[in-house]
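The values are calculated or read from the model by the stated rules, or taken from the named source; none is laboratory data. Worth saying up front: this structure is predicted, and the values here are computed from it rather than measured. In this analysis, Cβ positions are derived from the backbone assuming ideal geometry, glycine residues included, and neighbour counts consider all displayed protein chains. The area values use the complete protein model at the heavy-atom level, side chains included, leaving out ligands, DNA and RNA. Shrake-Rupley method; radii C 1.70, N 1.55, O 1.52, S 1.80 Å.
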Amino acid sequence: MDYMFNKKIETISRNKILEIQLKNLKQIVHLVYENVSFYKKKFKELKIIPEDIKTLKDIRKLPLTTKDDLRDNAPFGMIATSMDNCVELHASSGTTGIPVTACYTPNDLEIWSEVMARCLSMSGLTNKDVFQNPIPYGTFTGAFGFHYGAQKVGALVIPSGMGQSERQLKLMEYYSATFISGVASYAMRLAQVAQSLGIDLHRLKVCNGLFGAEMFTPGLKKRIQDAWNMDVHDSYGLTEMCGPGVSTDCDVHDGLHLWEDHFLAEILDPNTLEPVGPEEEGELVLTTLTKEGMPLLRYRTRDITKFYDQKVCDCGRTHIKHTPIKGRSDDMIIIRGTNIYPGQIESVLMKNKAVGSNWRMFLTTDDNNVDQLTVEVESKSLLSQIEQIALEKKLIDDIKSVIVFNPNVTVLPPNSIAQEGLKAKRVVDNRKKD
Ligand code: ADP
Ligand code: ZN
């Protein structure tokens, strides 16, 4: 069994978790009602008062909160405490529009460090590790969450920040880093840079990694595992909750444990907003149970996943598990009447050993007003023209088997798709809009 940072809480009985949740839910409902005018107004519209929340099921009486609500009240309209009590702010990466700002009290930072410490310990981090953190230190939550959590575990943190891939690799070698973190696609990018510099990753001391912050398919996870010869864990989180630290997969590698003493999770059908059935897929909706700076009720993450029905995992933890995030509901593309998630394309690509680390898809409309899909993908090594054509043909067939029509596929040499921004941009939609 892997090491637990807080065994008492991580293995607490289900009844006890539900008890803690109800107690904290009642408190948070009072807090936002009394301090956030947005919620006070919503409660009035719904004709409810905090005392109406008597059981956990009553959560369904509460209003949902959307990213647009946060944007409408930006930057500080959703803060539930005096700004004097806040000591740090962070903002989302802005992948889907204007970034969302969150403020933290000292207690919020403490809890964030605690949940991150649990995630990192679950991924193998101990106080003996040298932990390199190749994430930009700035308003983005990623670097600080990992930094605080790793220090809480007692590891030696190298705050290397993001970028300068060659420098990152040299630092890993120089300081004998044993554990690394990052945005999922960056781990693969680093592997490719190492290959081009002739650095053998298997000779480095790195043996564990915790990555996330964007679509992270099992195929990509396996790729990173093989390239670095390390155990890889998946880190899920979002600025609106704290940043990274909401959930991570244990050594069983079958689902991510979500810390239910701090976050109350529901999965709703994004269209009807009704709860889905057991083990059915839907939108993850989260309520913060302990936050003081920006507590949120029933926040619609737009991330698609499902819960596992099984309660106690083989690792001994009792906190609920969800499957790796399938994608954001707004990432779903409808092309020629078929619903596609970019993750489905990535899964096909990552299965092919000749495929490199970066890829993207373009959507266009042809002269006959028919949608076209073109997938651009890097090869792992430089290919001859014959090899390139053969790979393109193979990928067309493989992608067709999941999307039903013929895509165009262009195989490019390694390192030819430029990476812009923090998170990989996989979809470029240039279709004609009616
Ligand atoms: P944004 O990218 O929306 O501007 P954040 O920087 O706060 O905001 O990132 C949070 C979002 O990143 C999540 O809502 C989710 O869509 C995505 N994400 C984070 N971790 C993962 C993960 N492990 N797997 C898939 N998606 C993830
Ligand atoms: Zn487990």
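Values as computed for the structure displayed
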quantity	calculated
Share of carbon and sulfur in the accessible heavy-atom surface of the chain [1.4 Å probe, %]	52 percent
For the stretch 164-259: accessible area per residue (Å², 1.4 Å)	34 Å²
Gain in span if fully extended, residue 207 to residue 367, counting 0.36 nm per residue against the direct Cα distance	52.5 nm
Those lysines that a straight Cα-Cα span of less than 23 Å connects to residue 380, excepting residues fewer than 8 apart in one chain	170, 221, 222, 351, 353, 393, 394, 400, 423, 425
The stretch 330-434: equivalent-ellipsoid semi-axes (sqrt of 5 x gyration tensor eigenvalues, Cα, Å)	22, 16, 13
Degrees, to the nearest 10: 184-197 long Cα axis against longest axis of the chain	30 degrees
MRE, 222 nm, helices only [DSSP H, n ≥ 4, -39500 (n - 2.57), over the chain, to nearest 500]	-10000 deg cm²/dmol
Hydrodynamic radius by Kirkwood, which averages 1/r over all alpha carbon pairs of the stretch 257-329, in angstrom	12.8 Å
Fully extended contour minus Cα-Cα distance, from residue 68 to residue 107, at 0.36 nm per residue	11.4 nm
The stretch 168-230 shape via C-alpha gyration tensor axes, a/c threshold 1.5	prolate
Difference of contour (0.36 nm per residue) and Cα-Cα distance, residue 410 to residue 88	111.4 nm
Inter-label distance for residue 271 and residue 251, nm, one decimal - labels placed 7 Å from Cα along Cα-to-Cβ	4.4 nm
Rounded to 5, percent antiparallel among DSSP beta bridges of the stretch 304-416	70 percent
Average accessible area per residue (Å²) across the stretch 333-429 - probe 1.4 Å, nucleic acids and ligands excluded	50 Å²
Pairwise label distance in nanometres, residue 354 with residue 44, each label 7 Å out on the Cα-Cβ vector	6.6 nm
Tail beyond 30 Å, pair distance distribution of the chain (Cα, percent)	45 percent
Rounded if a/c under 1.5, otherwise prolate or oblate - the stretch 199-240, Cα gyration tensor axes	prolate
Cα gyration tensor shape of the stretch 124-195, rounded if a/c is under 1.5, else prolate or oblate by comparing a/b with b/c	oblate
Hz values of 3J(HN,Hα) by residue in the stretch 227-242 - Karplus curve (6.51, -1.76, 1.60), Gly and Pro given as x	5, 9, 6, 9, 7, 10, 10, 9, 10, 10, x, 8, 3, 5, 8, 4
